[in-house]
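Here the structure is laid out as structure tokens; the discussion comes afterwards.
None of the figures in this text is laboratory data; all of them are computed from the coordinates on show. This is a predicted model, so every value here is computed, not measured. Every residue, glycine among them, receives a Cβ derived from its backbone with ideal geometry; neighbour counts consider all protein chains shown.
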Amino acid sequence: MRVEPKRGQRVFISGSQQVYKFIWKLIAAMQPFDQEKEHLFVIGVSRNYLVKYVDHVSMGSMHGTIAAPREIFRNAIHLGASAIFLVHNHPSGSVAPSKEDIAMTKRIMEAGKLLNIEVVDHLIVVENGYYSFADEGEL
């Protein structure tokens, strides 16, 4: 599912706290049984961090979700995004990245470099906060 801002609506995001608030509103609006699953979102932005689209790339189980780089970058290429933010939730309530989260982030960073699409950040979000790979110096 892809969501684009409404005609005339301009949303700019550039920092991890803005991304967290933006995505958490989407997750909070989901049905409770869907909130218990892991979701992966991609936010595509222009050079000045204007949101071009939000893509709900995958929904998994309460233990994880997966997505291939081609699914993550598909709309960025199609809609001409200069950069992306990756965001996924942890239904467990822990913001600590798993080994799989770290490996996926590295793989997506490499793909972004090949495509010349910057991966600005990867956030893990929970109701009470988030973990930002960029803020932690891991990008």
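Values computed for the structure shown
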quantity: Full-extension gain in nm, Ala111 to Ser46, via 0.36 nm per residue minus C-alpha separation; calculated: 21.6 nm
quantity: Set of lysines with alpha-carbon distance to Lys113 below 26 Å, sequence-local pairs under 8 removed; calculated: Lys52, Lys99
quantity: Those aspartates and glutamates that a straight Cα-Cα span of less than 18 Å connects to Lys106, excepting residues fewer than 8 apart in one chain; calculated: Glu71, Glu118, Asp121, Asp135, Glu136, Glu138
quantity: Calculated [θ] (222 nm, deg cm²/dmol) that DSSP helices of n ≥ 4 give over the chain, each run adding -39,500 (n - 2.57); calculated: -10000 deg cm²/dmol
quantity: Antiparallel DSSP beta bridges within region 2-132, percent to nearest 5; calculated: 75
quantity: Nearest-20 debye value, the chain charge dipole, Cβ charges on Lys, Arg, Asp, Glu; calculated: 620
quantity: Candidate values (i) 7.7; (ii) 16.3; (iii) 8.5, label of the one derived for mean projected area of the Cα convex hull in nm²; calculated: (i)
quantity: ³J(HN,Hα), Karplus 6.51/-1.76/1.60, whole Hz, each residue of region 84-91, x for Gly, Pro; calculated: 9, 10, 9, 9, 9, 9, 10, x
